[in-house]
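Attaching a single structure in structure tokens format; questions to follow.
The values are calculated or read from the model by the stated rules, or taken from the named source; none is laboratory data. Remember, predicted model here, so these are calculated numbers, not experimental data. Every residue, glycine as well, gets a Cβ built from its backbone with ideal geometry; the counts of neighbours run over all protein chains shown. Each accessible area value is taken on the protein alone, full model and side chains, heavy atoms only, with ligands, DNA and RNA left out. Shrake-Rupley method; radii C 1.70, N 1.55, O 1.52, S 1.80 Å.
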Amino acid sequence: MIDLAPVVTALFVLIGNCGFWLACFNRVNSTGMPRRWTKRSEKLLVSLCFSIPMLVFWLDAIPLWHWLTQTHDWWPQGARWFDSWGKFSLVCLAILGPVWLESRRWILPPANLMSKQGEHFHVCQHVDSPLTGTRFTAFLDRLPGNEITQLEVNRKQLMLPRPVAGVDGLKIAHISDLHFTGQLTREFYRFMVDRLLDLRPDLIAITGDIIDYRSCLPWIAPLLGRLQAPLGCIYLLGNHDKRLGDHLLELTSLLQSLGHIDVGLRDHYIKLPSGGSIAIEGNELPWLNRHQSQRAGDSAIACDSLRLGLSHSPDQIVWARTRKMDLLLAGHTHGGQVRFPGIGPIVSPSRFGSRFASGLFYREPTLMHVSRGIAGTHPLRWRCPPELSLLTLRTPHSEKSGQPLGRDVSPALSWQ
């Protein structure tokens, strides 16, 4: 009869092993390495995660079999390879385990999230045309629970960390990670654009990874050309946009011709009809560094302006806090693409692991909203549907004005 003690030890060793390689995997994509080296590193890490345990159990097969089936000991005797690898894995578990458990508390949103209303769409029920552009994507779309052709439209009211004059009620539509690849058809994106326009935002923000292949450049004008709002559409680029190489300028020229504002290239300042203002900065690091203008010092930004930051990755939260941003919008992580009940995401390409995979976070003095994105190059999503968000900003002073909070109210600003 197999005893519980060796089984528990072996299980903890395997968890520690997987935890170590998962932590490495999550952080590879935050280094800014060339894509070919990033992908090679990811494949190497995955192979090591599984091949090392298999090799150890093969080399120490006899003593480990005896330990697991015939002893009551917590640790095997005479298993030289397991002894070294097992102790390393348990040390990793002891160090990384508490860090990972602490990161789960970030799944709960901060008090700045005043309300959230979501509407879930099975896009195939609203569109007659095919939504998948390849046979393989169509096959994956039919897998039980896969949500790649669904869409969640979220309306969120956010309380800003500080009073900012003239922005109470400002509505920002946040989308990210469109990933024009051909895996999803134009009809899917057209449906997403229709839902965004239904929200009637004051400002639209796109936080990178717009397109992967030059062949999809003709999609830009008919789809993104429809993204119009009173205060404009702002965007920056992500690591997948960099794949265009010499054709990257063609993408930005197309977006510029549509009237969209490239905040990855230079800062942008908006004067609001209400008398308030928005100072917008973009950060495309570590993949791109296109910013041409000198960053203005904090003293150069009016203290009563809304300080809005855009970055492709939530890793730039450190930069945003240094710049004293009120709100940072980010994407890149796709929400982890797979979220487990009660646990949340595990895989997330970030230096913070899955801590900031998606949702709303507050790190003084910055409020950060991370989008799950619209699509991806890996068409698999479980409990993590594509996301379109409308963020309605509230400021602390609105409580004193007697304006009701925590429900959908008419904005204090009038852009139309």
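Collect the residues in segment 372-389 that are part of a strand (DSSP E or B) and either polar (S, T, N, Q) or open to solvent by 10 Å² or more (accessible area, probe 1.4 Å) (or both), keeping them in residue-number order.
Within segment 372-389, Trp382, Ser389 qualify.
Looking at segment 301-348, which of its residues are touching a Phe, Trp or Tyr at 6+ places or on another chain (Cβ under 6 Å) and open to solvent by less than 30 Å² (accessible area, probe 1.4 Å)?
Pro314
Let me ask something else about it. Among Arg243, Arg214, which is the only one that is of a type in the set (D, E, K, R), open to solvent by 10 Å² or more (accessible area, probe 1.4 Å) and touching a His at 6+ places or on another chain (Cβ under 7 Å)?
Of the residues listed, the single one that is of a type in the set (D, E, K, R), open to solvent by 10 Å² or more (accessible area, probe 1.4 Å) and touching a His at 6+ places or on another chain (Cβ under 7 Å) is Arg214.
Checking Trp58 against (1) open to solvent by 60 Å² or more (accessible area, probe 1.4 Å); (2) part of a helix (DSSP H, G or I); (3) in contact (Cβ under 8 Å) with a residue 12 or more places away in the chain, which single condition isn't satisfied?
Evaluating Trp58 over (1) open to solvent by 60 Å² or more (accessible area, probe 1.4 Å); (2) part of a helix (DSSP H, G or I); (3) in contact (Cβ under 8 Å) with a residue 12 or more places away in the chain leaves (3) as the failure.
Another one. What is the residue count in segment 15-43 for residues that are assigned to a helix (DSSP H, G or I) and surrounded by 15 or more Cβ atoms within 10 Å (Cβ to Cβ)?
Total meeting the criteria: 17.
So that you can scan it fast, the table gives a plain yes or no per residue for (1) open to solvent by less than 20 Å² (accessible area, probe 1.4 Å); (2) under 20 Å from Gly232 (Cα atoms); (3) not acidic (Asp, Glu):
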residue	(1), (2), (3)
Pro144	no, no, yes
Thr149	yes, no, yes
Asn154	yes, no, yes
Gln157	yes, no, yes
Pro161	no, no, yes
Ile172	yes, yes, yes
Leu178	yes, yes, yes
Arg186	no, no, yes
Asp194	no, yes, no
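Here is a follow-up. I need a count of the residues in segment 116-139 that are aromatic (Phe, Trp, Tyr) and open to solvent by 50 Å² or more (accessible area, probe 1.4 Å).
2
Next up: So in segment 79-115, with the set limited to residues that are in a helix (DSSP H, G or I) and closer than 30 Å to Arg394 by Cα, which one is most open to solvent (accessible area, probe 1.4 Å)?
Checking each candidate, the answer is Arg105.
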